[in-house]
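Below you'll find the structure, written out as structure tokens, and then a few comments.
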Amino acid sequence: MWQAEVRIDLDAIRDNVALMRAGTTAEVMAVVKGDGYGHGMLPSARAALAGGATWLGVATLEEGLVLRRAGLDVPVLAWLHSPGQALHEGVTAGIDLSASTLGLIDELVTAARRAERQARVHLKLDTGLSRGGATAAEWPAVLEAAAKAQADGDIDVVGVWSHFISSDLPDDPTVDHQLAAFADGLAVAERYGINPRYRHIANSAATLARPDAHYDLVRPGIACYGLSPVAGRQFGLRPAMTARARVAQTKRVPAGQGVSYGHTYYTERETTLALVPLGYADGVPRAASNAGPVQLGGKRRRVAGRVCMDQIVLDVGDDEVAAGDVATLFGPGDDGGPTADDWAEAAGTINYEIVTRFGSMRVPRVYDGDAATGAAA
Ligand SMILES: *Cc1c(COP(=O)(O)O)cnc(C)c1O
């Protein structure tokens with residue numbers, strides 16, 4: 001009998017990707033970094049491909065190699081590399097690699113020669129996020145080096161790309177500014193003879209709300225998992241993850257009883273406490289102490305007192321709740337149940353962090369849906 005579990009509805013992932021695929025003429029790269037945002041990278045990747053994604057996106061080379069080792073042979077882009085990574089392994093595995101510095105282009109040339117195969121490269125332009133990517137000032141030198149390496153046959157510039165600052169606010173002026181900067185960067189690339197097959201800048205929010213940003217390829221992550229990047233809009237997406245546990249113990253306690261570490265919660269009247277075996281080691285944010293919503297016995301409750309490493313306590317009043325009953329922390333929100341968005345609000349974070357945290361080793365992930373059959377294969 002399961003005690004706590006994270007259920008993943010792979011059909012939801014497939015259908016969310018299909019929804020985005022239907023909304024664009026661009027190809028879809030499903031972003032499966034961070035262990036598929038906590039949903040499991042490989043099953044999520046397979047479900048996304050079943051939904052029409054033709055690319056997979058990851059942050060690190062190692063994540064890309066895991067996809068290849070599992071036999072996934074679709075185009076994969078990995079975009080975050082410190083100097084000295086085993087890039088030749090990525091080149092050998094046919095993984096597309098991002099580059100935005102002269103140092104990395106040099107390393108890719110070396111890697112390509114060692115692998116005796118052209119490196120497939122996406123040049124990244126920083127259009128304002130000030131994270132990865134070449135600045136506008138660095139861009140011409142990066143293009144010049146890339147054009148030379150391409151002429152020498154060492155690299156194939158497959159893509160030019162960038163990333164948004166605030167596309168979760170689709171009308172934010174930075175979106176227009178960045179699109180203009182991206183268009184400028186593409187024009188400069190053309191002057192260096194670089195006309196990539198794939199120009200891409202759209203994450204989930206821009207995929208859903210800014211069709212003018214789609215270009216040749218869109219890179220949705222969070223939306224594949226059914227969570228919306230844009231506050232107050234769901235876009236027809238269905239959340240794929242449900243986190244739940246069976247009550248381990250119940251007890252009657254008097255009014256004025258302090259609950260959990262530090263006694264930050266006191267019962268108002270004689271009541272029943274229910275112990276739920278999920279804690280911060282499993283992904284429950286401690287910041288949601290006295291705030292996180294849990295569905296139990298047909299009602300929504302709040303965590304009473306501090307979230308512990310392994311458990312939380314609920315004050316259920318005089319309701320009939322017994323050990324073994326199922327407490328749902330979050331799920332698709334059917335029948336008014338709490339969602340990852342509700343937990344994000346309770347913990348002062350974003351839905352991305354909530355689901356990604358629930359990838360711990362302790363709680364088994366259980367895969368549901370027709371897509372699970374294909375995903376298991
Ligand atoms: C994580 C990430 C994405 C996906 O972002 P979402 O907001 O989850 O859609 C796309 N591109 C890059 C570069 C990323 O790091």
Legend entry - Extreme residue, farthest from the ligand (Cβ to nearest atom), among residues of segment 348-371 that are within 15 Å of Pro43 (Cβ to Cβ) and assigned to a helix (DSSP H, G or I): Asp370
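Select from segment 80-94 the residues that are farther than 28 Å from Ala183 by Cβ and out of contact with any His (no Cβ under 9 Å at 6 or more places or on another chain) and list them in ascending order.
Correct list: Ser82, Pro83, Gly84, Gln85, Ala86, His88, Glu89, Val91, Thr92, Ala93, Gly94.
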Inset, instruction - Scan Leu208, Leu186 and give me the residue that is under 21 Å from the mean Cα position of the chain (by Cα) and of a type in the set (A, V, I, L, M). - result: Leu208
Inset, instruction - Restricting attention to strands (runs of 3 or more DSSP E) lying wholly within segment 250-327, give those where 3 or more residues are surrounded by 19 or more Cβ atoms within 10 Å (Cβ to Cβ) and over 34 Å from the mean Cα position of the chain (by Cα). - result: 271-276
Inset, instruction - Evaluate segment 1-20: report whether one residue or more is over 18 Å from Ala371 (Cβ atoms) and touching a helix residue (DSSP H, G or I) at 6+ places or on another chain (Cβ under 9 Å). - result: no
Legend entry - Pairs where the first residue, in segment 35-57, is closer than 15 Å to Gly71 by Cα and outside the structural domain of Arg68 (by TED's automatic domain parsing) and the second is crowded, with 24+ Cβ neighbours inside 10 Å and β-branched (Val, Ile, Thr), C-beta under 9 Å, 6+ apart: none
Legend entry - Checklist (1) under 27 Å from Asp11 (Cβ atoms); (2) outside any helix (DSSP H, G or I); (3) not aliphatic (A, V, I, L, M) applied to Gly84, failing item: (1)
Legend entry - Selection count, segment 1-52, where residues are buried (at least 20 other Cβ atoms within 10 Å of the Cβ), part of a strand (DSSP E or B) and away from the ligand (no atom under 16 Å from the Cβ): 4
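Can Leu227 be described as aliphatic (A, V, I, L, M) and more than 11 Å from the ligand (Cβ to nearest atom)? First the steps, then the outcome.
On the way: aliphatic (A, V, I, L, M): yes; more than 11 Å from the ligand (Cβ to nearest atom): no.
No: the conditions fail for Leu227.
Could you list, in sequence order, all residues of segment 53-80 that are within 13 Å of the ligand (Cβ to nearest atom) and not in a helix (DSSP H, G or I)? Write out each step before concluding.
First, pick out the residues of segment 53-80 that are within 13 Å of the ligand (Cβ to nearest atom): 53, 55-60, 63, 77-80.
Ala53, Trp55, Leu56, Gly57, Val58, Ala59, Thr60, Leu77, Ala78, Trp79, Leu80 - these are the residues of segment 53-80 that are within 13 Å of the ligand (Cβ to nearest atom) and not in a helix (DSSP H, G or I).
Listed residues Leu179, Leu186, Leu237; which is modelled with pLDDT of 95 or more, of a type in the set (A, V, I, L, M, F, W, C) and away from the ligand (no atom under 16 Å from the Cβ)? Break it down stepwise before answering.
Values: Leu179 fails: away from the ligand (no atom under 16 Å from the Cβ); Leu237 fails: away from the ligand (no atom under 16 Å from the Cβ).
Result of the check over Leu179, Leu186, Leu237: Leu186.
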Inset, instruction - With respect to Ser162, determine if the residue is free of Cβ contacts under 8 Å to residues at least 40 places away in the same chain and surrounded by fewer than 16 Cβ atoms within 10 Å (Cβ to Cβ). - result: no
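The values are calculated or read from the model by the stated rules, or taken from the named source; none is laboratory data. Just so we're clear, the structure is a prediction, and the values are computed from it rather than from any experiment. Positions of Cβ are backbone-derived with ideal geometry, glycine not excepted, and every protein chain shown enters the neighbour counts.
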